[in-house]
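*Asks:* Below is a structure I'd like to ask you about.
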Amino acid sequence: MAVLRTSNVELRGICCALPRNSKSIYDIGEGYFSKEEIEKTTKAVGVKEIFVADEGQTASDFCFAAAENLIKKLGWEKESIDGLIFISQTPDYTLPATSCILQGRLGLKEDCISLDVNLGCSGFVHGLFLAGQFIKSGSCKRVVVLTGDVLRRYISPEDKGITFIISDGGTATGVEYTEEENPMTFMMKSDGSGYKDLIIEAGGGRVPLSEKTKEMYADKDGSRRSKENLYMNGMGIFTFAIKQVPKIINDILEAHLWSRETVDLFLLHQANAYMVKYIAKRAKVDENKIPININKFGNTNGSTIPFLICDINEQLLQEKRNVILAGFGVGLSWGP
């Protein structure tokens with residue numbers, strides 16, 4: 001298990017960006033599913049509307065907008081930014097790295113570390129992990145962590161397990177060196193044996209795009225998709241999450257020498273409302289300490305935690321509180 005204990009690192013601010021285009025779950029399912037099927041599926045996941053990127057709009061566009069706003073609000077000179085981390089499963093191109101493109105678009109200095117990270121739902125925590133490493137090593141003073149995806153365009157509208165959950169969008173988080181101790185502990189874990197549980201099978205080097213990969217097929221539950229669409233083994237992901245996330249919460253509490261009572265908030269990836277509530281129960285955490293806002297934005301993949309932070313309380317970035325973040329999903333990967 002990759003463990004990092006660091007200090008003198010501060011989250012200075014978070015900005016988020018969403019598509020202008022939002023659709024109700026009923027608009028999303030119209031023509032494919034009955035009203036009863038839509039309501040049954042969404043009752044558990046808790047989503048009311050989905051945000052959909054315009055044609056040609058990319059994850060980096062949302063991250064760029066969020067980053068420009070963040071940098072302006074923080075009053076940072078762009079010359080003072082030493083690192084840029086772009087975390088996404090939907091880059092602009094196969095190559096070059098989208099982080100390099102964003103470094104240029106934002107007008108950051110040439111000796112700014114620019115990295116792409118191909119992660120989804122655990123991506124925000126991994127981004128903070130990396131930013132903390134850069135700052136702890138002394139190589140960076142200020143790092144911008146970007147998370148974003150436009151996965152809607154990879155989802156079959158006939159896949160009721162996913163189509164009523166996923167939203168597009170992006171975020172930017174400013175991470176900075178501080179003289180204050182601000183202790184942080186990270187634990188990063190992965191299990192590649194479960195990689196098929198959440199996957200877009202076609203389009204990479206293993207399964208190139210072809211006429212065959214476009215062919216639609218049906219699951220036993222009636223959902224239809226092609227190999228070019230996002231596939232999720234819902235039961236597999238659920239079993240993974242309820243087993244591993246409570247355990248890692250216990251581990252981080254022990255490592256950071258905290259009790260459940262001394263933690264003010266547990267901010268979990270907003271996979272779906274039912275799953276988050278079930279994890280809270282298994283982790284023996286007061287549900288009032290685990291906020292849920294998937295009803296507002298949907299599942300924005302690696303961006304759900306920063307969206308949650310911005311949504312529930314702007315004071316989180318201004319007051320001292322004990323907070324545990326936990327991301328989990330595609331890979332499989334997870335960590336607080």
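*Asks:* Given the options Ile71, Ile38, Ile101, name the one that is more than 30 Å from His256 (Cα to Cα), more than 17 Å from the chain's Cα centre (by Cα) and surrounded by 22 or more Cβ atoms within 10 Å (Cβ to Cβ).
*Replies:* Ile71
*Asks:* State yes or no: is Glu201 assigned by the TED database to the domain that holds Gln133, in contact (Cβ under 8 Å) with a residue 12 or more places away in the chain and open to solvent by 50 Å² or more (accessible area, probe 1.4 Å)?
*Replies:* So Glu201 does not fit the description; no.
*Asks:* Only residues that are surrounded by fewer than 24 Cβ atoms within 10 Å (Cβ to Cβ) and among the aromatic types (Phe, Trp, Tyr): list them for segment 130-167, please.
*Replies:* Correct list: Phe134, Tyr154.
*Asks:* If I filter segment 103-112 for residues that are in contact (Cβ under 8 Å) with a residue 60 or more places away in the chain, in contact with a helix residue (DSSP H, G or I) (Cβ under 9 Å, 6 or more places away or on another chain) and under 18 Å from Tyr177 (Cα atoms), do I get at least one hit?
*Replies:* Within segment 103-112 (the criterion being in contact (Cβ under 8 Å) with a residue 60 or more places away in the chain, in contact with a helix residue (DSSP H, G or I) (Cβ under 9 Å, 6 or more places away or on another chain) and under 18 Å from Tyr177 (Cα atoms)), the answer is no, since none of the residues qualifies.
*Asks:* Considering only residues that are touching a Phe, Trp or Tyr at 6+ places or on another chain (Cβ under 7 Å), in a helix (DSSP H, G or I) and within 22 Å of Thr304 (Cα to Cα), which ones fall in segment 29-52?
*Replies:* Across segment 29-52, the qualifying residues are Thr41, Thr42, Ala44, Val45.
*Asks:* Moving on. Can you tell me which of Ser223, Ser210 is surrounded by fewer than 18 Cβ atoms within 10 Å (Cβ to Cβ) and assigned by the TED database to the domain that holds Val323?
*Replies:* Ser210
*Asks:* Considering segment 53-68 alone, what residues qualify as being touching a residue at least 12 places away in the same chain (Cβ under 8 Å), assigned to a loop (DSSP other than H, G, I, E, B) and more than 16 Å from the chain's Cα centre (by Cα)?
*Replies:* If the condition is that a residue be touching a residue at least 12 places away in the same chain (Cβ under 8 Å), assigned to a loop (DSSP other than H, G, I, E, B) and more than 16 Å from the chain's Cα centre (by Cα), then Ala53, Asp54, Gln57 are the ones that fit.
*Asks:* Restricting to segment 147-165, count the residues that are in a helix (DSSP H, G or I), more than 16 Å from the chain's Cα centre (by Cα) and within 18 Å of Val45 (Cβ to Cβ).
*Replies:* 0
*Asks:* Testing Arg12 on (1) out of contact with any Leu (no Cβ under 7 Å at 6 or more places or on another chain); (2) at pLDDT below 95, one condition comes back false. Which one is that?
*Replies:* For Arg12, the exception is condition (1).
The values are calculated or read from the model by the stated rules, or taken from the named source; none is laboratory data. Because the structure is a prediction, the values reported are computed rather than measured. Positions of Cβ are backbone-derived with ideal geometry, glycine not excepted, and every protein chain shown enters the neighbour counts. Just the protein is used for accessible areas: all its heavy atoms, side chains included, with ligands, DNA and RNA removed. Shrake-Rupley method; radii C 1.70, N 1.55, O 1.52, S 1.80 Å.
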